[in-house]
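The values are calculated or read from the model by the stated rules, or taken from the named source; none is laboratory data. As the structure is a computational prediction, the values presented were derived from the model and not from experiment. Cβ atoms come from the backbone with ideal geometry, glycine included; neighbour counts cover every protein chain shown.
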Amino acid sequence: MISIRGILSELLVLLSLIQFAAGAEFRGAWVASVYNLNFPSHAGLSAFEQKEQIRRLVDAAANAGLNALMIQVRPEGDALYESDLEPWSRFLTGTQGASPGYDPLATFIEEGKRHDIAIHAWINPYRAVANASNACASSHEIYQLRNAVRRVSSSLWMDPGDAAVRQHVARVIKDLVSRYSVAGIVLDDYFYPYPSRGHPRGTFPDGTTYARYRASGGKLGVDDWRRHNVDLLIENLHAVVKEARPHALFGVSPFGIYTVGAPPGVHVELDQYRDLYADPVKWMKEGWVDYLSPQLYWRDGSAQSYSALLQWWRSSDANPHEVPIFPSIALERLGAGYGWPANEIAHQLSLERSIKPRSEGGFILWNIGPLSANQKGIAKVIAAAR
């Protein structure tokens, strides 16, 4: 039997999606759990303390006029919600698999209802263990799918070329969307891992998987094969979400630069297409995403100019079907190391409104921490941008 509370939750989600479909701005923020970046502030807090942090984060979002929060509920093959498929996240208690004594995602959803803030579940599909020295619960995917685990520097990664990995992620998403009244599912840019000093470009250790693909008759070169693996995941997850909850949104937040020459004149050090083996332009053209939120984490007018990149993502060449583009904007760069002034954020929010075709406009703030702390008075800047 469906409860009254459940019906009300579904109605809230449906109303919020109708609102966006009618042209209202998408005004969101990322809430990161990995490394205890935003929530919880550190592992081992009591259930009461964690619930209080959730209330304060949602209140801060509401006070700034936001209407969506992207909650990282699967940072490393784990869960910030009750799951029979994956263990509780260590970022909650300090021990993977240990219950925090309440359900964080359910609490975010309940708090979101108080302010008409839609809660989206943010997942990382392939990162298994951020630091391989950390102990994992026996139910973790590195034990359930041990043949698909790959070591990359100090982390463990699930091989995107292994079909069992894609099937597992799809089961997790179907279970999550079926049981929680989330407004959608969103992935970030972590497909194949970023190149680094310990992991040079193109060296992901998937030689065995690729050899198996070639032996089965596959013809693609390794780079195209890797992109094809991610394509299969995106197409499948879109279908899974729509089947389980037809009105839910499925989105991706890719790295802000697609590839060399797109757009011309932008300085490229790494990109989504060549380095992370993901093709979000194809996903827009194929209808596999409801929106993209490219991470445009540079100042306007710089070598990677915010406005030039946003214009390209919204252009007819990249986006002929006018899929909504909600740029992710780098609030964290207000702080040490970058020292952006608050008026840079105000300028980028203004540009978001002026750059056409806008379709359903909006933005997602990376991340909620500076907003919650009202760093450099940024809460008033965000609230005024309406």
If we ask which residues in segment 311-360 are under 15 Å from GLU25 (Cβ atoms) and in a helix (DSSP H, G or I), their number turns out to be 7
Scan segment 219-230 and give yes if some residue there is surrounded by 15 or more Cβ atoms within 10 Å (Cβ to Cβ) and of a type in the set (D, E, K, R), otherwise no. yes
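Every residue, every condition in (1) modelled with pLDDT under 95; (2) of a type in the set (A, V, I, L, M, F, W, C); (3) touching a Cys at 6+ places or on another chain (Cβ under 8 Å); (4) under 28 Å from PHE39 (Cβ atoms), yes or no:
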| position | (1), (2), (3), (4) |
| --- | --- |
| TYR277 | no, no, no, no |
| TRP283 | no, yes, no, no |
| TYR297 | no, no, no, yes |
| TYR306 | no, no, no, yes |
| GLU322 | no, no, no, no |
| GLY337 | yes, no, no, yes |
| ALA346 | no, yes, no, yes |
| LEU365 | no, yes, no, yes |
| VAL381 | no, yes, no, yes |
Can you give me the ranges of the helices (runs of 4 or more DSSP H) entirely in segment 177-278 with at least 3 residues that are among the small types (Gly, Ala, Ser) and without any contact (Cβ under 8 Å) to a residue 12 or more places away in the chain? 207-215
Restrict the check to segment 137-144 and report whether at least one residue is crowded, with 19+ Cβ neighbours inside 10 Å and of a type in the set (Phe, Trp, Tyr). no
Suppose the filter is modelled with pLDDT of 95 or more and hydroxyl-bearing (Ser, Thr, Tyr); does SER328 pass it? yes
Between ALA308, ALA342, ALA379, ALA318, which is surrounded by fewer than 21 Cβ atoms within 10 Å (Cβ to Cβ), under 26 Å from ALA62 (Cβ atoms) and touching a residue at least 40 places away in the same chain (Cβ under 8 Å)? ALA379
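Out of all the residues in segment 175-205, which are over 16 Å from ARG274 (Cα atoms), of a type outside the set (Gly, Ala, Ser) and at pLDDT 95 or above?
ASP175, LEU176, VAL177, ARG179, TYR180, VAL182, ILE185, VAL186, LEU187, ASP188, PRO205
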Quick check on SER33: is it out of contact with any helix residue (DSSP H, G or I) (no Cβ under 7 Å at 6 or more places or on another chain), hydroxyl-bearing (Ser, Thr, Tyr) and crowded, with 17+ Cβ neighbours inside 10 Å? no
